[in-house]
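Undergrad: Got a structure for you, questions after.
The values are calculated or read from the model by the stated rules, or taken from the named source; none is laboratory data. This structure is a prediction, so every number in the text was calculated from the model and none was measured. Cβ placement follows ideal geometry from the backbone for every residue including glycine, while neighbour counts extend to all protein chains displayed. Calculation scope for accessible area: heavy atoms of the full protein, side chains included, ligands and nucleic acids excluded. Shrake-Rupley method; radii C 1.70, N 1.55, O 1.52, S 1.80 Å.
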Amino acid sequence: MLYIGMVIVVYVIPFIWFVWSMIDVRNGKRQKVNWKGPLISFIVILVGSIVINFYLTEAYNLAFFQNSTGSIIGLFVVGLIVVIMAIINFFATLYARRNNLSKTLHNPKVVWVITGMIGGTMLFFFLWFMPLGQKISYAVTLNNAISTMEDATRNKEFSIVLMKSTSDCLRIRCIDEQFDNVFYIRNNLDQKKEVQVKIHAQNGDKEKLKVINSKIMELDPGELKMVKTEGTSEHSDIWRQSTFTTEERVVYYKYNYRFRDVE
């Protein structure tokens, strides 16, 4: 979530700047809303995001755009928020008309404009900037896995490491919090092999969280791959995938594996 959080902060800077300028105009500190500064900053951020996306596409063989599953989820979330805001505005408008309230207290046209702006802003974030943050996180995790594997012992036929156990929750406490756990495996042999791993995941108190078998994977000599299980969502983009999820953070783990020659 670190890199997604950083992307969120950068993304909202132009919007905060614009809203702050509107507040200054309303308070009499400015005569006109400063829209050029926020617009230029947004264009710079957008161009920078495109450059980074091109780099990640070329360097890590990632898709430039997210797949339809991710887009549908983004559309659903934004659509739900917009519908809720529209319903609130509808009933607030009825209440205002029945009680002859001034438009200074409730102006439905202004609320519709704000609803559209919020919806458009969130939609653009879900379709472009959030996947960018997830791609950056994926690239960092992959690079860390490569570095860790280089330092790992090669006494075993296969090296397996837990690269992250993180939650998408941004708050201190969340309901039904889930942790995405990402394991990587490397073939230390000189031949291509098929391998299956059984992972015993434990929390900080070394209590069992989950025991799960991986799918059978083919690995070339020296090849590094993310371990995939039945808990891995194959319909998601690769930068959204995890080995499996748990209700608590995985701190300790054990594993055993079996392998065979590829026919």
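Undergrad: Between Val51 and Ser147, what is the FRET efficiency for a Förster distance of 25 Å, r being their Cβ-Cβ separation, to the nearest 0.05?
TA: The formula returns an efficiency of 0.50 here.
Undergrad: If contacts are Cα pairs under 8 angstrom and at least 6 residues apart, what is the relative contact order of the range 10-160 in percent?
TA: 22
Undergrad: At 1.4 Å probe size, with every protein chain present, just tell me what the per residue accessible area of the chain comes to in Å².
TA: Each residue of the chain exposes 63 Å² on average to a 1.4 Å probe.
Undergrad: Of the accessible area of the chain, with the probe set at 1.4 angstrom, what percent is carbon plus sulfur?
TA: Using a 1.4 Å probe with all protein chains present, the chain comes out at 60 percent carbon and sulfur.
Undergrad: Name the residues of the range 94-126 whose amide N is less than 17 Å from a point 7 angstrom out from the Cα of Leu75 along the C-beta direction?
TA: From the range 94-126, the list is 119-126.
Undergrad: Turning to a different aspect of this structure: Can you show me the helix-derived [θ] at 222 nm for the chain, built from DSSP H runs with n ≥ 4 at -39,500 (n - 2.57) apiece and divided by the number of residues, rounded to the nearest 500.
TA: -16000 deg cm²/dmol
Undergrad: By per-residue mean of other Cβ atoms within 10 Å, what is the highest-first order of 109-118, 14-23?
TA: Final packing ranking: 14-23, 109-118.
Undergrad: Here's a follow-up. Under 1.5 on a/c is rounded, so check that first for the range 1-127, then, if it is not, pick prolate when a/b is larger than b/c and oblate when it is not; a ≥ b ≥ c are the square roots of the alpha carbon gyration tensor eigenvalues.
TA: Oblate shape, in that a/c is at least 1.5 and b/c is the bigger or equal ratio.
Undergrad: Report the relative contact order of the chain, percent, no decimals, based on alpha-carbon pairs under 8 angstrom and at least 6 residues apart.
TA: 17
Undergrad: Shape call for the chain from the C-alpha gyration tensor, a ≥ b ≥ c root eigenvalues: rounded (a/c under 1.5), prolate (a/b greater than b/c) or oblate?
TA: prolate
Undergrad: May I ask you to derive the relative contact order of the range 120-256, considering only C-alpha pairs under 8 Å and at least 6 residues apart, and to give it as an integer percent?
TA: Here the relative contact order equals 25 percent.
Undergrad: Once both axes come from the Cα atoms, what is the angle between helix 68-98 and the longest principal axis of the chain, in degrees from 0 to 90, rounded to 10?
TA: 30
Undergrad: Separate question: Compute the helix-to-body angle for 2-26: its Cα long axis versus the longest principal axis of the chain, expressed 0 to 90° and rounded to tens.
TA: Compared with the principal axis, the helix lies near 10 degrees.
Undergrad: How large is the dipole of the chain about the Cα centre if only Lys and Arg carry +1 and Asp and Glu carry -1, each at its Cβ, rounded to the nearest 20 debye?
TA: Here the size comes out at about 1340 debye.
Undergrad: Which entries of Lys164/Lys225; Lys135/Lys156; Lys164/Lys208 show an alpha-carbon separation above 20 angstrom in the structure shown?
TA: Distance filter (> 20 Å) returns Lys135/Lys156.
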